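Worksheet for the structure shown next.
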Amino acid sequence: MNIVIANDHGAVALKTSIMEELRARGHTVENLGVDSADSVDYPDMAKLAADRFLAGGFDFGIVCCGTGIGISIAANKVPGIRCALVHDLFTAEMSKAHNDANFLAFGGRVSYATPVIDMIEKYMATSFEGDRHARRVGKLDGMRT
Ligand code: RB5
């Protein structure tokens, strides 16, 4: 798959490990995030990734900050982005099956019980179920912040 990723200074190590693991599995990853501990603002990083994704050519996006919270809120402010802050295999699966999420968010300072790459793999292996979920996602996309 073709994936765009961005992060702030709170998730450099997590971003790097996600990128390496995805590339090792044959995926293409475009890195728009920072690679140093110098402080940046997560809304700017979310906007970068969202705009790049919406320009086309990507299957989905990944955004990471210290908690994943701020950058997911920011990404969801961009019309057309449905960003899911997932924390286990169940929420990773449901984010695609029910919400048709096109962005995933993770926190570099969070202790996950499940490896982040496993959650991403689960998301990638899941299909959107459509039907009533399509109606709800349509309503989501009709909302404006
Ligand atoms: C940056 O210090 C931190 O606030 C940010 O990475 C994120 O956790 C915000 O939600």
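The values are calculated or read from the model by the stated rules, or taken from the named source; none is laboratory data. If you're wondering where the values come from, they're calculated on a predicted model, not measured in any experiment. Please note: Cβ atoms are built from the backbone with ideal geometry, for glycine as well, and neighbour counts cover all protein chains shown. For the accessible areas, the whole protein counts, side chains as well, though only heavy atoms, and no ligand, DNA or RNA atoms are used. Shrake-Rupley method; radii C 1.70, N 1.55, O 1.52, S 1.80 Å.
When you go through (1) open to solvent by 60 Å² or more (accessible area, probe 1.4 Å); (2) under 25 Å from E21 (Cβ atoms) one by one for K139, which number turns out not to apply?
Evaluating K139 over (1) open to solvent by 60 Å² or more (accessible area, probe 1.4 Å); (2) under 25 Å from E21 (Cβ atoms) leaves (2) as the failure.
Spot the failing condition for N99; the list is (1) away from the ligand (no atom under 16 Å from the Cβ); (2) more than 25 Å from T28 (Cα to Cα), and only one is missed.
N99 satisfies all of (1) away from the ligand (no atom under 16 Å from the Cβ); (2) more than 25 Å from T28 (Cα to Cα) except (2).
Just checking: which of the helices (runs of 4 or more DSSP H) contained wholly in the stretch 86-145 hold 1 or more residues that are more than 17 Å from the chain's Cα centre (by Cα)?
Passing ranges, in order: 132-142.
When residues of the stretch 105-131 are filtered for being open to solvent by less than 10 Å² (accessible area, probe 1.4 Å), within 16 Å of the ligand (Cβ to nearest atom) and either more than 16 Å from T16 (Cβ to Cβ) or polar (S, T, N, Q) (or both), how many remain?
The qualifying residues number 1.
Run P115 past the list (1) more than 20 Å from A134 (Cα to Cα); (2) touching a residue at least 12 places away in the same chain (Cβ under 8 Å); (3) not hydrophobic (A, V, I, L, M, F, W, C) and report the number of the one that doesn't hold.
Every listed condition holds for P115 apart from (2).
Filter the stretch 1-10 down to the residues that are open to solvent by less than 40 Å² (accessible area, probe 1.4 Å) and not in a helix (DSSP H, G or I), then identify the one that is farthest from the ligand (Cβ to nearest atom). Working first, answer last.
Keep residues of the stretch 1-10 that are open to solvent by less than 40 Å² (accessible area, probe 1.4 Å), which gives 3-8, 10.
Still in the list and also not in a helix (DSSP H, G or I): 3-8.
Numbers: I3: 20, V4: 18, I5: 15, A6: 12, N7: 9, D8: 5 Å.
Top of the filtered list is I3.
Check off (1) modelled with pLDDT under 95; (2) closer than 19 Å to R25 by Cβ for G142 and give me the number that stays unchecked.
Here G142 meets the rest and fails (2).
Tally up the residues in the stretch 29-42 that are open to solvent by 40 Å² or more (accessible area, probe 1.4 Å) and away from the ligand (no atom under 16 Å from the Cβ), please.
Going through the stretch 29-42 one residue at a time, the tally reaches 2.
If a residue has to be more than 10 Å from the ligand (Cβ to nearest atom) and open to solvent by 10 Å² or more (accessible area, probe 1.4 Å) to count, how many in the stretch 43-80 make the cut?
So the count comes out to 17.
Which one is farthest from the ligand (Cβ to nearest atom), of the residues in the stretch 11-28 that are farther than 16 Å from L85 by Cα and basic (K, R)?
Step one: filter the stretch 11-28 for residues farther than 16 Å from L85 by Cα, giving 12-13, 16-17, 19-28.
Checking the rest, the ones that are also basic (K, R) come to 23, 25.
Values: R23: 24, R25: 26 Å.
Once the filter is applied, the top-ranked residue is R25.
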